[in-house]
1. Applying the selection to region 132-159, what residues are closer than 18 Å to residue 179 by Cα and open to solvent by less than 60 Å² (accessible area, probe 1.4 Å)?
2. What number of residues in region 160-198 are open to solvent by 90 Å² or more (accessible area, probe 1.4 Å) and outside any helix (DSSP H, G or I)?
3. State yes or no: is residue 20 at pLDDT below 95, of a type in the set (Val, Ile, Thr) and surrounded by fewer than 20 Cβ atoms within 10 Å (Cβ to Cβ)?
4. State yes or no: is residue 119 hydrophobic (A, V, I, L, M, F, W, C) and either in contact with a Leu (Cβ under 9 Å, 6 or more places away or on another chain) or open to solvent by 60 Å² or more (accessible area, probe 1.4 Å) (or both)?
Amino acid sequence: MIIKGYILTYLYLGLLLFITYILNKYFKVNEIITRKLVHINVSFCYVIFYHYLGNSYHIIIPPLTFILLNYLSYKKNIFKGMENNKETLGTVFYPISVLIMAIITYVVPEFYPYFGIGLFCMAFGDGLAPLIAGYLKSMKIYNNKTLVGTLTVFIISIIVVILFNQIFTLNMDLFSIILIGVVSSLLELIGINGYDNLYLPLGVSLFSFILGVV
């Protein structure tokens with residue numbers, strides 16, 4: 001099971017990077033889109049972690065390798081479809097946040113669902129917000145972020161929490177679900193230079209965990 005988990009994780013990541021490289025190089029898909037495809041789809045490694053690695057120390061190893069790969073890509077532009085803005089460290093902060101949540105999950109197994117909530121709120125919310133905001137123009141409200149982008153994060157976060165609430169039977173009420181959506185959208189709104197990839201998933205996962213256990 002453990003070996004299969006490692007194989008599936010790295011095969012999935014390699015295939016994802018290969019596909020985005022092909023899209024960028026041969027089909028001239030904009031790097032912003034390919035980067036967001038990676039941003040969103042890397043989050044599904046969580047499913048492999050959950051089914052094959054459990055809450056063993058093995059869930060810590062892949063994020064460590066992701067940090068190294070993402071940093072090398074950031075410095076050397078190895079994965080062309082991943083990097084489109086050298087002024088931010090968003091692609092490096094992403095696996096750092098995953099690593100921290102994985103460590104918390106290893107120490108506190110009950111954190112696993114909230115690990116997923118934080119991860120998918122960031123991956124889909126932050127991943128889709130600029131794309132939708134770029135298509136549906138709206139007023140800017142803070143940090144060059146738009147109303148449409150913020151609402152996108154809010155709505156997606158609520159959907160994520162509802163799904164995890166059902167799958168893991170977390171028994172969160174409607175008020176708690178909406179509150180997590182608000183926190184998620186606010187954390188994304190104040191994020192600059194890619195730092196939201198670090199504190200959005202961590203903040204949402206910890207906040208939802210507190211709501212879930214209190």
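1. 149, 150, 152, 153, 154, 156, 157, 158
2. 3
3. no
4. Here the answer is no, as residue 119 does not meet what is asked.
The values are calculated or read from the model by the stated rules, or taken from the named source; none is laboratory data. Nothing here was measured: the structure is a model prediction, and the numbers come from that model. Backbone-built Cβ (ideal geometry, glycine too); neighbour counts: all protein chains shown. Please note that ligands, DNA and RNA were not included when accessible areas were found on the heavy atoms of the full protein model with its side chains. Shrake-Rupley method; radii C 1.70, N 1.55, O 1.52, S 1.80 Å.
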